[in-house]
Each structure stands twice: as structure tokens, then as C-alpha cells.
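Asks: Below is a structure I'd like to ask you about.
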Amino acid sequence: MRQSKLFTKTRKSAPKDEVAKNAQLLIRAGYIHKEMAGVYAYLPLGLRVFKNIEHVIREEMDAIGGQELILTALQNPHVWKKSGRWSDEEIDVWFKTQLKDGAEIGLSVTHEEPLTALVAEYVQSYKDLPVYIYQFQTKFRNELRAKSGIMRTREFVMKDLYSFSTSEEEFRTFYEECARAYMKIFTRVGLGERTFRTFASGGSFSKFSDEFQTLCDAGEDTIYVHRGKHIAVNKEVYRDDVLKELGIKKSELEEAKAVEVGNIFPLGTRFSDALGLTYKDESGKQKSVVMGSYGIGPARLMGTIVEVLSDEKGIVWPKDVAPFNVHLVSIAGGNSDVVAESDRIYELLQENGIECLYDDRDVRAGEKFADSDLIGIPTRLIVSEKTIASGGVEAVDRTTGKTELIPESSILERLSK
């Protein structure tokens, strides 16, 4: 992508009503556009990052046996009334509307009910289980107050996986496998050291659920972190009996603000009982399927990365989620030799499958460097009269600021590392 042709441009300031750092930087760098409070459009750069995060999540869900599908956003009240969750008293963030004939429908807030009803059509025997199904689906939640930029919105994509097992033991085995997969995801997107498996309330389903909380000053949650065991306890269950059960002491914990970037929930047989999801075991006895729910919001993860990894100059993307591998910056100043060399390196990168944003604009060097810092691509390659005279290109690591001259013959080898 030539930057001179890129649809979006950088901005010196974000909208005055935008107070979240993640949204301010993403808007200024041309990644997202604010439509209204809690509703954001993803522009070409932003969509590339979003899809990269989605790709990381998809790889780890597939690795543990997940099968991807996509359900509808429009929701039939029938299945929700069976579980009792069509009522606004049970779920207070419904968006509901009517069809032309007056029939009421909803916009999806989650998908336990419709997926359970769907699975009931395909599962009859223990031989059909376990099943692990996931999707990337748009959710709509009528939040009273949308805030925190793209980390809490009224319209967002959620990766929600649901497990269907024959027993509590089978469910728990997968539950732990999914917890490990989640930590792999957070590590790959650059948040592993800051993200802790956090014990939280299980609500009506179980004693505990598990949140994955990333330390962040902009976080809405308070957690108590045990760095040695790399676990944490949510403030809502921060009690002596809980700490005793977990084998930790208050003196070993530190209080911190955090953002919830994922969660996993035991669901038991609540939805399978309500919607008739049963199977016959080996003896022919009818039993209820044991379920679990596992969620990650790619946009929420994207916003958290910006919150915790940005610096005073702009965004700093980890390699696996950056919109491009390389930001090629040409400092030509009207020199046709520099333009020709920059074009040649751009073509070299393209031919070798290295995705590159090429700043070929006719603007001052200072503006190019400032925009490059703001956009946050991990590796910057600079071509100028000076680098040509030295027989190479200048490479700048956006994370560390380290600069080195790379000989022309070693560019591909260096980037492959």
C-alpha cells in the first residue's frame, strides 16, 4: 500500500468528546471513525489490525478442536422465552424491534439459547459429543453509558465459543485447555505478561468463573494480583475463604486496575435443560449436555493493546497484529535516485511477501516520522541520500527505538527475523 493512495490521513487531534486514550490514538492515526457514542467504524488500517487479532484467536480456537460457524444477529424471542432471558429484567441491555407484521425480534446480545437449540437438532448420542463451536459475531448491547473507546461499545464483534460435553469431568478438561489457549492468545498479541487468569463470581452457574484481566490504568475492574503464580482475584470475590481455597495470602497480593479482555464460564445444564438438549449415554439413559461459554472481543483486545503499549509518540503494535510488517519511509526531497531506490525496495518487499506501507508522499521528513510513530508499525525502513551512500537502508525498531544500518543485501534476511 502506497501511503499517498491510502484512504485515510492522520489527524493532529481527536474529537473533543472522545476521552479514551485508545480511541483518541486510533482516530488520529486513521484506524477507526467514531459514528456516535459507543459506535465505531473500522477504516482500512483498523480493519487490518482487527483481522490480524481475529486470525490469532481463530488459530488457537481451531488448535483445541473448535469448529467455526456464524449465527444470525436477529433473534427469535421463542428460544429466549424458554430460558427466561427474553425479559428485560433478566437482560437489561436488549435492543428490540418489530417486523412489519408487528412480530417482536431482538438483536443478539449473546448466543447461548439459539446455539443450544441448533445443537439439539444434531446431537442424540454420546457418540456425537463433545462438540466445540465458535463464531465471530456482531453483538448489540444497549449500554446505558458507552465508554472507554472501543473497549465498551454498543455494537461489537465477539468471539464466543460454546462447549457441549457428556459430563462435568469432560467439560472441565476442555475448560482448562481453553484457559491455556487464551493465555497463548494474549501472549501472541503482546499482553501475556500483563494478563492474569482471574477468579471471579460464577453467578448462578458455579462458584467461580474465570476472567482474563490485563493490568491497565484505564481499567474498570479492581483485581488482586499474585505475580508468583500469575493469577489474580477479582474484588467481587476477594474474601478470606476464597483466598484459603486458592492457597494464597493477602500479603502476597497487590491491588491493581485491570481491563477484562476475556472470560470463560461454566454453564452447567441450565440451557440444555431449558431447550431440551439431551443425549443417550452408553446404557441408553437420557442425560443433559454439560455446557461452557468462552468469550473474547477482538476490538476490546485491540483497544487494550493501544492503552497499555502506546507511548508519548503514538501506537506501538506487536508484530502479530500490526497492519503491516514494515513501514517504508522515503526521504527523497526531490532526489529522483532516492525515489527510484525506494520504489525498488518496495517492489522487493512485495515480491517476497512482506506486507509494507510505503510512505511515498511529498511531505517533510519530520511529518513522515511523526506519522510513522503515530501509526505504530513495528519496523521502519528509511531510504535517503545518506542511506544510499552507505549502501543500505536505516531500520528503526518502533518498540525500542533502536536504529541500525542494514546492508542492501541483508534486508530480506533481517526482516525475516
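The values are calculated or read from the model by the stated rules, or taken from the named source; none is laboratory data. This structure is a prediction, so every number in the text was calculated from the model and none was measured. As a convention, Cβ positions derive from the backbone with ideal geometry for all residues, glycine included, and neighbour counts pool all protein chains shown.
Asks: Just to be sure, is Ser283 of a type outside the set (A, V, I, L, M, F, W, C) and surrounded by fewer than 18 Cβ atoms within 10 Å (Cβ to Cβ)?
Replies: Spelling it out, Ser283 is indeed of a type outside the set (A, V, I, L, M, F, W, C) and surrounded by fewer than 18 Cβ atoms within 10 Å (Cβ to Cβ).
Asks: While we're on this one: Among the residues of the stretch 118-155 satisfying the criterion of being hydrophobic (A, V, I, L, M, F, W, C) and touching a Lys or Arg at 6+ places or on another chain (Cβ under 8 Å), which is farthest from Gly297 (Cα to Cα)?
Replies: Within the stretch 118-155, the match that is farthest from Gly297 (Cα to Cα) is Ala146.
Asks: Something else: How about the stretch 111-121: which of its residues are over 15 Å from Ser163 (Cβ atoms) and of a type outside the set (A, V, I, L, M)?
Replies: Scanning the stretch 111-121 gives Glu113, Pro114, Glu121.
Asks: Now a separate question. How many of the residues in the stretch 219-249 are in contact with a strand residue (DSSP E or B) (Cβ under 8 Å, 6 or more places away or on another chain) and surrounded by fewer than 18 Cβ atoms within 10 Å (Cβ to Cβ)?
Replies: Selection size over the stretch 219-249: 9.
Asks: Filter the stretch 65-89 for residues that are under 19 Å from the mean Cα position of the chain (by Cα) and surrounded by fewer than 17 Cβ atoms within 10 Å (Cβ to Cβ) and give the result.
Replies: Gln67, Glu68, Leu69, Ile70
Asks: Condition check: in contact with a Cys (Cβ under 9 Å, 6 or more places away or on another chain), surrounded by 15 or more Cβ atoms within 10 Å (Cβ to Cβ) and among the polar types (S, T, N, Q). Does Ser209 satisfy that?
Replies: no
Asks: Sort through Lys96, Lys139 and tell me the only one that's part of a strand (DSSP E or B), touching a strand residue (DSSP E or B) at 6+ places or on another chain (Cβ under 9 Å) and closer than 25 Å to Asp221 by Cβ.
Replies: Only one candidate passes the filter, namely Lys139.
Asks: Ok, one more. If the requirement is being touching a strand residue (DSSP E or B) at 6+ places or on another chain (Cβ under 8 Å), closer than 24 Å to Ile64 by Cα, crowded, with 24+ Cβ neighbours inside 10 Å and touching a residue at least 12 places away in the same chain (Cβ under 8 Å), which of these qualifies: Val259, Val289?
Replies: Exactly one residue qualifies, and that residue is Val289.
Asks: Among (1) within 30 Å of Gln24 (Cα to Cα); (2) crowded, with 18+ Cβ neighbours inside 10 Å, there is one condition Thr387 misses while meeting the rest; what is its number?
Replies: Failing condition for Thr387: (1).
Asks: Limited to the stretch 9-28, what total is found for residues that are at pLDDT 95 or above and among the hydroxyl-bearing types (Ser, Thr, Tyr)?
Replies: 1
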